[in-house]
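Colleague: Just dropping this structure here.
The values are calculated or read from the model by the stated rules, or taken from the named source; none is laboratory data. The structure presented is a predicted model; accordingly, all values stated were derived computationally and were not measured. With ideal geometry, Cβ positions are generated from the backbone for all residues, glycine too; neighbour counts draw on all protein chains shown.
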Amino acid sequence: MTAQTLIEVEHLSRYFGPIAAVNAINFELRRGEVLGFLGPNGAGKSTSMKMITGNLAPSAGRIRICGHDLLDQPKLAKAEIGYLPEQPPLYRDFTVDEYLQFCARINRIAKGHIKTAMDNAKQRCGLTEVGSRLIGNLSKGFQQRVGIAQAIIHTPAIVVLDEPTVGLDPIQIREIRKLIRDLGQEHGVILSTHILPEVQMTCDRVQIIHRGKLVFSDDVSNLNERMQSSSLLLTLRNPPSAAALSSIQGVSQVEVLGPNQFRLLHATTRSPAEAVAEQSVKNSWGLCELTPERKTLEQIFVEITSTEQHTEAAA
Amino acid sequence: MIMLTLAQRELRALFLSPLAWTVLAVLQFILAYLFLSQLQEYVQLQPQLRMMNAAVGVTDIVIVPIYGSAAFMLMMVVPLLTMRVISDERRNQRLTLLFSAPLSMTEIVLGKYLGVFAFMAIMTGLITLMPLSLLLGTHLDLGLLAASVLGILLLMAAFTAIGVYMSTLTVQPTVAAVSTFGVLLLLWIINWAGGKVGDENASGALQYLSMLNHFEALSKGVFNTSDIFYYLLIITTFMVLSIRRLDADRLQH
């Protein structure tokens, strides 16, 4: 048997009044996989997370966690999930140790194992040193880590993290991304975010959700392909005419951005970068900058959602 | 026992807040003052009581009024202690921690209820130390004392149940406190209108609903199962309502 399926979601929908926050989405999560949930603000990411973790009842659809239906056997299903919501649910008056001990107990860890579970979680999240400090006195980054420690303390099969890197400094973000990758080795992880590079760095598979619908679901490598640049940013000290640039093989169009700066558009499949560099040396244009431009999340969204609309209109 | 874990956390959280300590101190101070003035009165009355060969003793004159005053003060204090139980957790979005754990709504509500009730029991214990100190110098009617303590424990169990329910209704602790106080006061005085209602059945129903009536019976030493049943009814009703209300959090529209 290949990787075990941890989550099966079928036709999951959630309405708030007449508004469909989540509209009939289907997906699966396997063990050893990090699944990125990507979408702009208000796309329905958090609503989906809340439903998967049993914090919000779905309007329609079915969620199975490790084979247990979330509505019929909530206790069995919830025992397999660790959840870090957008705002970590911390007791600020408690010390880190007291808090984690409470979390271990409500997740029904046997008395003898609580100590090991706590040490393990603290060590993984880099909290060993702050065990006896009050949570309220810790920095935002440490509080976020306590939130993650809470989610993994009972070594659940599935860890759901809702925007775990919001409000952290770059070093902490790197550490947490590394932690997520580590978790992905043995658990199944669902990561919700609106930061594109985060998904590229940490996830194996990505799903893009837009206005409550899944508009894209594929491996990250395929997303990268989609994101491949179709333009080069070029700065030259002694620039030739735009016409000379557009005559280079592979360049489909030239935009003049300034006296020395140009944007060269090309087909995604073949980059003319090499040819441009060659020509530049040959004609001493004085090459200062040659950068492939990456697409931003917005562009991807526009691309994906606009093709969606086209197909819808055609249908 | 998972409910005890929840109760323990609740109790600990209460003792981490200055509010609980202040409540304990103020309540103890006022009741001690009343206790001493009541004792003074008894000392003055004592010769007359002896001459009349009356059937009332120190327990009736000193202790029973203390529990009566305590009951009235607790009506104002309990809402302050129960107001944060659920509403504060909801406001800080901490309910997710409990909802995501393998716990049933019943366990969550009962766990929290037991935690707050444990605090009430500690409070009762502290109040009871005062009457017990009289044992150093005199004999007490321990049966009557026990009935009074039982009466106040049941009363507080009912108060707490109502307070917990009010706390599930809102995100603002103060709103929970005010509405709890309103309900408690209404239940306390509801029999005042009893005599003025012409209909005898209606008047009887109002008399039955009044907490004061059931409490007074016990503090006179009358142990009646219908009084016990009344408290159990109130506790069960408000616990079930709380569980249902918390369950509805997941269904919000």
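Colleague: Pull up region A:86-106, narrow it to residues that are within 13 Å of A:Ala149 (Cα to Cα) and outside any helix (DSSP H, G or I), then point me to the one that is nearest to the other protein chains (Cβ to nearest Cβ).
Modeller: Ranking the qualifying residues of region A:86-106, first place goes to A:Pro89.
Colleague: Quick one: in region A:40-62, which of the residues that are of a type outside the set (A, V, I, L, M), more than 25 Å from A:Val146 (Cβ to Cβ) and within 13 Å of chain B (Cβ to nearest Cβ) is surrounded by the fewest Cβ atoms within 10 Å (Cβ to Cβ)?
Modeller: A:Ser59
Colleague: Of the numbered conditions (1) part of a helix (DSSP H, G or I); (2) within 23 Å of B:Asp88 (Cα to Cα); (3) free of Cβ contacts under 8 Å to residues at least 60 places away in the same chain; (4) within 12 Å of chain B (Cβ to nearest Cβ), A:Gln150 satisfies every one except a single condition; which is it?
Modeller: (3)
Colleague: Assigned to a helix (DSSP H, G or I) and farther than 17 Å from A:Cys125 by Cα: is that true of A:Glu175 in this structure?
Modeller: no
Colleague: Ok, one more. Looking at A:Val22, is it over 27 Å from A:Ile109 (Cα atoms), within 22 Å of the chain's Cα centre (by Cα) and surrounded by 15 or more Cβ atoms within 10 Å (Cβ to Cβ)?
Modeller: So A:Val22 fits the description; yes.
Colleague: Restricting attention to region A:86-105, which residues are surrounded by fewer than 19 Cβ atoms within 10 Å (Cβ to Cβ) and either touching a residue at least 40 places away in the same chain (Cβ under 8 Å) or under 29 Å from the mean Cα position of the chain (by Cα) (or both)?
Modeller: Of everything in region A:86-105, those that are surrounded by fewer than 19 Cβ atoms within 10 Å (Cβ to Cβ) and either touching a residue at least 40 places away in the same chain (Cβ under 8 Å) or under 29 Å from the mean Cα position of the chain (by Cα) (or both) turn out to be A:Glu86, A:Gln87, A:Arg92, A:Asp93, A:Thr95.
Colleague: To continue, here is another question. Could you please give the count of residues in region A:231-259 that are outside any strand (DSSP E or B) and either outside the structural domain of A:Ser284 (by TED's automatic domain parsing) or touching a Lys or Arg at 6+ places or on another chain (Cβ under 7 Å) (or both)?
Modeller: Matching residues across region A:231-259 total 2.
Colleague: List the residue pairs whose Cβ atoms are under 9 Å apart, where the first residue sits in region A:63-85 and is touching a residue at least 40 places away in the same chain (Cβ under 8 Å) and at the interface with chain B (Cβ under 10 Å from one of its Cβ atoms), the second is surrounded by fewer than 19 Cβ atoms within 10 Å (Cβ to Cβ) and part of a strand (DSSP E or B), and the two are 6 or more positions apart or on different chains.
Modeller: Cβ pairs passing all conditions: A:Ala79/A:His68; A:Glu80/A:His68.
Colleague: So, one more: Listed residues A:Glu10, A:Glu33, A:Glu28; which is in contact (Cβ under 8 Å) with a residue 60 or more places away in the chain and charged (D, E, K, R)?
Modeller: A:Glu33
Colleague: Check A:Asn222 against each of (1) among the polar types (S, T, N, Q); (2) touching a strand residue (DSSP E or B) at 6+ places or on another chain (Cβ under 6 Å); (3) surrounded by fewer than 16 Cβ atoms within 10 Å (Cβ to Cβ) and name the one condition it does not meet.
Modeller: Condition (2) is where A:Asn222 drops out.
Colleague: Would you point out which residue out of A:Ala104, A:Ala110, A:Ala117, A:Ala149 is out of contact with any strand residue (DSSP E or B) (no Cβ under 7 Å at 6 or more places or on another chain) and under 17 Å from A:Arg174 (Cα atoms)?
Modeller: Of A:Ala104, A:Ala110, A:Ala117, A:Ala149, the one residue that is out of contact with any strand residue (DSSP E or B) (no Cβ under 7 Å at 6 or more places or on another chain) and under 17 Å from A:Arg174 (Cα atoms) is A:Ala149.
Colleague: Which residues, counting only those in region A:109-130, are part of a loop (DSSP other than H, G, I, E, B) and surrounded by 15 or more Cβ atoms within 10 Å (Cβ to Cβ)?
Modeller: Once the filter is applied, which keeps residues that are part of a loop (DSSP other than H, G, I, E, B) and surrounded by 15 or more Cβ atoms within 10 Å (Cβ to Cβ), region A:109-130 yields A:Ile109, A:Cys125, A:Gly126, A:Leu127.
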